[in-house]
Amino acid sequence: MSMSTNLISANLERIRNEVADACARAGRSPAEVALMAVSKVHPVEALLEAYAAGQRLFGENRVQEAQGKVEQLRAEQVDGLELHLIGPLQNNKTSKAAEIFDAVDTLDSMKTATRLNAAAETLGKTLRVLVEVKLSHEESKHGLAPEALPELLRELATLPRLRVCGLMTVPPWSEDAETARPYFQRLRQLRDENVGAHPMLVELSMGMSGDYRVAIEEGSTCVRVGTAIFGKRVYE
């Protein structure tokens, strides 16, 4: 069953306060860090409960799952909700992804980018994207090799319907949040090395429920929090 509205609301308030505390310790303004509620594998009711508690930025992992939720959300006539794709994007799902998402945070190839740009052109929209960089050696992780980033950024600049806003990464999972710090530092370094040639490359989407405090210390502009807001996944 879904969490109660009160519990999700309380969780959101707690996470917002913890984000603000982490920002204060890092000498940053809380306004610099967006909180994304990762609603993947949770029912649309949970998303609506978070929305009622003031949350507007959400992340979904699968195009098909998000499509069903978007249809229900339209029926509820919610306004101002921003939905990002934070899972890998298959080439055969680019048209649907361009239709239902406000941003794709996991772009990692020119082939996918070209299809996504064409889909956005058909829809008459500009799609914000992040490039996902694979800094872990884990086979289960997705993303672009860091040494390939400069070339892909140059190629992406030729696609008028995609606005490349920053980078994203997922470090190896660990109970010790400190183990993620080198990966966050490396992503920030990659951003800093390329932002001169690509001035819009400012965002760093990094940090999840277990390590977002460390990510904020290392410059994250968006933390992706699911379990700490919604509880354990209710279906797969």
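None of 107, 130, 116 is of a type in the set (A, V, I, L, M), out of contact with any strand residue (DSSP E or B) (no Cβ under 6 Å at 6 or more places or on another chain), under 17 Å from residue 66 (Cβ atoms) and buried (at least 17 other Cβ atoms within 10 Å of the Cβ) except 116.
The set of residues in segment 29-46 that are at pLDDT 95 or above and in contact with a strand residue (DSSP E or B) (Cβ under 7 Å, 6 or more places away or on another chain) comprises 33, 34, 35, 36, 37, 38. Every test in (1) part of a loop (DSSP other than H, G, I, E, B); (2) surrounded by fewer than 19 Cβ atoms within 10 Å (Cβ to Cβ); (3) without any contact (Cβ under 8 Å) to a residue 40 or more places away in the chain is passed by residue 89 save one, and that test is (2). Taking first residues from segment 211-234 that are of a type in the set (Phe, Trp, Tyr) and partners that are part of a strand (DSSP E or B), the Cβ contacts under 7 Å between residues at least 6 apart in sequence or on separate chains come to 212/223; 212/225. When 152, 162 are checked against the criterion of being more than 15 Å from residue 183 (Cα to Cα), in contact with a strand residue (DSSP E or B) (Cβ under 7 Å, 6 or more places away or on another chain) and buried (at least 21 other Cβ atoms within 10 Å of the Cβ), 162 stands alone in meeting it. Within segment 150-177, being among the acidic types (Asp, Glu) and under 16 Å from the mean Cα position of the chain (by Cα) holds for no residue.
In this entry, residue 153 passes the filter for residues that are within 14 Å of residue 112 (Cα to Cα) and in contact (Cβ under 8 Å) with a residue 40 or more places away in the chain. For segment 57-86, taking the residues that are assigned to a loop (DSSP other than H, G, I, E, B) and farther than 19 Å from residue 140 by Cβ, the one that is modelled with the lowest pLDDT is identified as 77.
The values are calculated or read from the model by the stated rules, or taken from the named source; none is laboratory data. No experiment lies behind these values; they were computed from the predicted model shown. As a convention, Cβ positions derive from the backbone with ideal geometry for all residues, glycine included, and neighbour counts pool all protein chains shown.
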